[in-house]
Amino acid sequence: MLPAEAAFNFLGMQTIQFAAKFEFLDEIRDFVGHIARDAGFTEKEIYNIQLATDEAASNVIEHAYEGIADGMLEMSCGFRDGAITIILTDHGESFDPSTIPMPDLKADLSKRKIGGLGIFLMRKLMDEVHYESHPESNSNTLTLIKRKG
Amino acid sequence: MEITVQEFKHCDMITIKGRVDSATAPQLAQALEAANEGGKYKLVVNMEGLEYMSSAGFRALLAAQRNCKKYNRGEVVLAVVPDRIREALELAGFTELFKTFDDTLSAVGHF
């Protein structure tokens, strides 16, 4: 039996399963975009929520499922108490984005690092980013939260 | 995403339309590499019809800028960058690495 709060949370979220492939990024952005638009976020906020979600999903596809062709990515999204929450669940390798060093944004062209940029953008664009690894269910969850206004 | 290439006397203009993400960025990288392989290092990237670009697109631009600026043989400049994309480029610290122009005429005229 779920506590009332968790049940409400669960029912308030929409969930879609995607094959963990880059070709579904369009649909993943549309999925969170619709919920953000219905919740009344501005066009700028919607773009940034979609960008952060894309970066998160791209990282899962690229790193958690590196070398795995049939991985699944579960996307849950909902709006409650003035905030949109996006939860990405995968069953691939643990890949904690907080362990990735921040890119040096002041480095000149030749020293500018290519990696880490997506994770940096994701963290900058969202209010909260949480990563959890669940060995008992062989899954990882990445939670993104953006408050309105 | 749709890419078209236009040749000018002193530079080439690469126009990107639609959305650039991890799925489509390899096509952009390929177009930029093809220009370089053809000996073109002075490139205008026209973003007027661009709706979306993730960091995968930024990486393609960065790789091209490195290659073009080698031996002072050229550079990549950006034209008509939509607001949302400009804001993300700024956040990533990329606006310092690329000259940007409000219209394609002044971008082409830069070379």
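In debye, nearest 20, what is the charge dipole magnitude of region A:16-147 about its Cα centre with +1 on Lys and Arg Cβ and -1 on Asp and Glu Cβ, if you could check?
620
Provide, for q = 0.15, 0.19 Å⁻¹, the log10 of I(q)/I(0) from a solvent-free Debye sum over equal Cα point scatterers in region A:61-123.
Values returned for q = 0.15, 0.19 Å⁻¹ are -0.67, -0.90.
Using a 1.4 Å probe on the protein chains only, how many percent of the accessible area of the protein assembly as shown belongs to carbon and sulfur?
Percent of accessible area from carbon and sulfur atoms in the protein assembly as shown: 51.
Output the 0 to 90 degree angle, nearest 10, between the alpha-carbon long axis of helix B:25-37 and the longest principal axis computed from the alpha carbons of chain B.
Roughly 10 degrees, rounded to the nearest 10.
Just to confirm my numbers, what's the Cα centroid distance between region A:91-136 and region B:31-78 in Å?
24
Along the Cα-to-C-beta direction of A:LYS113, a point sits 7 Å from the Cα; which residues of region A:41-59 have their amide N less than 19 Å from that point?
Flagged as within label range: A:55-56, A:58-59.
Quick check on chain B: helices-only [θ] at 222 nm, where DSSP H runs of length 4 and up contribute -39,500 (n - 2.57) each and the sum goes over total residues. Nearest 500, please.
My calculation for chain B gives -11500 deg cm²/dmol from helical runs alone.
Suppose each label sits 7 Å from its Cα in the direction of the beta carbon; what would the B:GLU7-A:HIS34 distance come out to in nanometres?
4.6
Suppose all protein chains stay in the model; what accessible area per residue would a 1.4 Å probe give for chain A, in Å²?
So chain A comes to 53 Å² accessible per residue, rounded to a whole number.
When the Karplus curve 6.51 cos²θ - 1.76 cosθ + 1.60 is applied with θ = phi - 60°, which whole-Hz ³J(HN,Hα) does each residue of region A:96-103 get, with x for Gly and Pro?
Taking θ as phi minus 60°, the curve returns 7, x, 6, 7, 7, x, 5, x Hz for region A:96-103.
Report the accessible surface area buried between chains A and B, summing both sides, using a 1.4 Å probe on protein heavy atoms only, in Å² rounded to the nearest 100.
In total, this chain pair buries about 2300 Å².
Short version: ³J(HN,Hα) in whole Hz for each residue of region B:84-99, in order, from phi by Karplus 6.51 cos²θ - 1.76 cosθ + 1.60 (θ = phi - 60°), x for Gly and Pro, what are they?
For region B:84-99, the Karplus-derived couplings read 4, 6, 4, 4, 5, 4, 5, 4, 7, x, 8, 5, 7, 9, 9, 6 Hz, x marking Gly and Pro.
In 10 Å bins starting at zero, report the fraction of Cα pairs in chain B per bin as a rounded %.
15, 55, 29, 1
Give me D for the protein assembly as shown in µm² s⁻¹, whole number, from Stokes-Einstein with Rh from the Kirkwood sum over alpha-carbon pairs, 25 °C and 0.890 mPa s. All intermediate terms of the calculation are to be shown ahead of the outcome.
Working: Rh = 19.4 Å.
The diffusion coefficient I find is 126 µm²/s.
If the viscosity is 1.567 mPa s and the temperature 4 °C, what translational diffusion coefficient in µm²/s does Stokes-Einstein give for region A:16-147 when Rh comes from Kirkwood over Cα pairs?
In µm²/s, the coefficient rounds to 85.
Run the reach check for B:LYS9 against lysines, Cα to Cα strictly under 16 Å, same-chain hits fewer than 8 apart removed. What comes back?
The qualifying lysines are B:LYS40, B:LYS42.
Which one of B:CYS68, B:ALA34, A:THR143 is farthest out on the positive end of the charge dipole of the protein assembly as shown, using unit charges on Cβ (Lys, Arg +1; Asp, Glu -1) and the Cα centre as origin?
So the residue we want is B:CYS68.
5 Å is the cut-off here: which amide hydrogens, built 1.01 Å from N in the peptide plane, fall below it relative to B:VAL45, excluding neighbours closer than 5 in sequence?
HN-HN under 5 Å from B:VAL45: B:ILE14, B:VAL77, B:LEU78, B:ALA79.
Testing the spin-label approximation: label points 7 Å from Cα along Cα→Cβ at A:GLU27 and B:GLU51. State their distance in nm.
1.7
The values are calculated or read from the model by the stated rules, or taken from the named source; none is laboratory data. What you are looking at is a predicted structure, and each value in this text was computed from that prediction instead of being measured. All Cβ positions, glycine included, derive from the backbone under ideal geometry; neighbour counts span all protein chains shown. Note: areas computed on protein heavy atoms with side chains; ligands, DNA, RNA excluded. Shrake-Rupley method; radii C 1.70, N 1.55, O 1.52, S 1.80 Å.
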